[in-house]
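For reference, the structure discussed in these notes is given below.
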Amino acid sequence: SSMFQADVTLFQTVIAGDSWGRIAVPVIEQDPWTLFFFAGALLTLIFGILNLVVAVIVDTFAERREADIGGRAAELERREFEEKRVLTKIFGQIDEDRSGALSFDELQEGAKRIAEFRNWLRVLDVDQRDLEQLFALVDEDGSGEIDVNEFVEAMYRLKNTDSRTATKLVKHIVTKVVKETTAMKNQLGDEIRAMKDILEQTAARVATKGLHEAGGGGKDGCFT
């Protein structure tokens, strides 16, 4: 009975709070060290319940947001539209001659002159030394110039994909080296085959000429 009464008293004091002044205060006045016990229990209860309630609310909203696929898609489309609008504006600022295309020199000059473009390059982890590789990466058709669609689409993809820009630049360089090496190998093979044909033709002509000379010498010997 005394243990049960003690539990009820603790519940009334700490959880319900209706016996704090009648029980807790006299106990604390009698033994001040009990303040740490009562205060600790009360604060733990208050903040524990508060954190629990907040966690439940946050989890509920997070689950609803995850379930709202349509809303997420609309948000992504809105963000894509806004970023591409900014990139189109940057392209227009770089393209001072209004030709509708950027050369490497214009891109390099734009990186020095336009702060907003420099900020994009900083986000992509691209510095002045990487601009040539970036230009080659963006110039997908290899025309030597970048039009507005190439610029906007490539810069947007580089910013919003998971892999780092440096990885893409390295991949582009490696791919370019492989293509050039393959082309050189094919060209070298063609030249070797052509040289082989020339050598075979030369050897055949030399052999034919030798036979003719040998035949002519035999006839002269008979008449002699």
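Quick note: the coordinates plus some simple rules give every number you see, no bench work behind them. Predicted, not measured: the structure shown is a model, and the values here were computed from it. Note that we place each Cβ from the backbone using ideal geometry, even for glycine, and neighbour counts take in every protein chain shown.
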For Ile69, Ile90, Ile146, Ile114, order by how many other beta-carbon atoms lie within 10 Å, fewest first = Ile69, Ile114, Ile90, Ile146
Quick one: Cα convex hull volume of the range 71-161, Å³ per residue?
-> 94
For labels at Glu140 and Glu153 in the simple 7 Å Cα→Cβ model, what's the distance in nm?
-> 0.3
Could you go through the range 142-159 in sequence order and give the Karplus-derived ³J(HN,Hα) for each residue, using 6.51 cos²θ - 1.76 cosθ + 1.60 with θ = phi - 60°, rounded to whole Hz, and x for Gly and Pro?
-> x, 7, x, 9, 10, 8, 5, 5, 4, 5, 5, 5, 5, 5, 5, 5, 4, 6
Pop a pseudo-label 7 angstrom from the Cα along the beta-carbon direction at both Leu50 and Thr208 and give the gap in nm to one decimal.
-> 10.5
Determine, from the Cβ-Cβ distance of Val123 and Ile69 and an R0 of 30 Å, the FRET efficiency 1/(1 + (r/R0)^6), rounded to the nearest 0.05.
-> 0.65
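Give, in nm to one decimal, the length gained when the segment between Glu132 and Leu188 is fully stretched (0.36 nm per residue of separation minus the Cα-Cα distance).
Stretched fully, the Glu132-Leu188 segment lengthens by 17.3 nm.
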Most packed first (mean Cβ within 10 Å per residue), the peptides 54-60, 155-161 order as 155-161, 54-60
At R0 = 45 Å, FRET efficiency that the Cβ-Cβ distance of Thr60 and Arg85 yields, to 0.05 = 0.85
